[in-house]
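Here's the structure, in structure tokens; my notes come after.
Nothing in this text is a laboratory measurement; each read-out follows from the coordinates by a stated rule. Computed from a predicted model, the values in this text were never measured in an experiment. Positions of Cβ are generated from backbone atoms using ideal geometry, with glycine treated the same way; all protein chains shown enter the neighbour counts.
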Amino acid sequence: MNWAKVILLFRQLVDDTVGPPFKWPPDQVLEFAEAAQRDAARRSHLLVSARKAPSVADVVAGEPVVELDSRVIFIRRARLASQGLPLRIVTRKDMDAAYPGWERAAPSTPSVLIPDGETGAATLYPPPTVDDQLVMTVVHEPLDPITDPDAESPELPERYQRGLIYGMAELAFLRPDSETFNPGAAEKAAVRFEAEFGPKTSGLNERFSLENYYDVGDFQ
């Protein structure tokens, strides 16, 4: 469904179909929609990309650090475009234990990728000798803002899109307004949203996940 349909379902849920003027004006509702989708993606890890932004990053000869798109939550798989085999994804702690002094390695063909949750970047070991591209499978946040609700659809798979209205409703009822502020209704909507997309994810947990979760599975 397109965003216009999602917004209509939201307005039906919160009894705000008569307007304009609406209880919540269109620009506010778009804010709710974008925030709900971003929250849903962070909770559920349903947005996964490979071979296109944000899953491709430039690699510079002699430079071990690769800057990742800020919307990447964590990396599930990675390889160099010039190579057929995937890179091993390991933690800095494991590298320190197995390869003391690894950060001073001479350039060669990289075989390992070390994500860094603090900087949001990743390090190739050993450093590359030629320019290349890092091609990954990544879990990420939504990529595009809503500019045309009639022409655009949520980035989440369609079977989950209806659930966004509960995240939107929670935000709407928590808006500091004397006529619409309703903590009870917000709590009920939050329960429905969590049932669809899972519990809320903290930024600290996401930062930890970038460094520590890959082949071993997902995180919550």
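Observations on the structure shown:
- Result for the chain in a Gaussian network model with C-alpha springs under 10 Å: among Ala185, Ala97, Ala195, the largest mean-square fluctuation is at Ala97.
- Only the Cβ atoms of Lys and Arg (+1) and of Asp and Glu (-1) were treated as charged; on that basis the dipole of the chain about its Cα centre amounts to roughly 640 debye.
- Values of log10 I(q)/I(0), in the order q = 0.08, 0.12 Å⁻¹, for the chain under a Debye, Cα-only, solvent-free model: -0.37, -0.71
- Since only Gly203, Gln12, His45 are under comparison, the one whose Cα sits farthest along the positive direction of the charge dipole of the chain, derived from C-beta charges on Lys, Arg, Asp and Glu, is His45.
- Thr119 paired with Thr180, simple spin-label distance in nm, labels 7 Å along Cα-to-beta-carbon: 4.3 nm
- Bridges between two residues of the chain, per DSSP, are antiparallel at a rate of about 90%.
- Using C-alpha pairs below 8 Å separated by at least 6 residues, the relative contact order for the range 48-106 is 17 percent.
- Dipole magnitude for the range 48-140: about 440 debye, using +1 per Lys or Arg Cβ and -1 per Asp or Glu Cβ, origin at the Cα centre.
- For the range 149-211, the relative contact order works out to 27 percent when only alpha carbon pairs closer than 8 Å and six or more residues apart are counted.
- Modelled label reach - Ala50, point 7 Å along Cα→Cβ, the range 61-76 residues with backbone N closer than 11 Å: 76
- Approximate spin-label separation Leu85-Ala97, in nm, with each point projected 7 Å along Cα-to-Cβ: 2.3 nm
- The chain, relative contact order in percent, only Cα pairs under 8 angstrom and at least six apart counted: 31 percent
- Candidates Val66, Ala105, Trp3 compared by Cα position along the dipole of the range 1-159: farthest toward the positive end lies Ala105, with charges placed on Cβ.
- Bridge type composition, the range 84-203 - antiparallel percent by DSSP, nearest 5: 60 percent
- If both residues of a DSSP beta bridge must be in the range 48-140, then about 90% of such bridges are antiparallel.
- Gaussian network model of the chain, springs between alpha carbon atoms under 10 Å - residue of Arg38, Arg88, Arg104 with greatest fluctuation: Arg104
- Calculated FRET value between Thr147 and Phe208, using beta carbons and R₀ = 45 Å, to 0.05: 0.85
- Compactness relative to 2.2 N^0.38 Å, alpha carbon Rg of the range 48-140: 0.99
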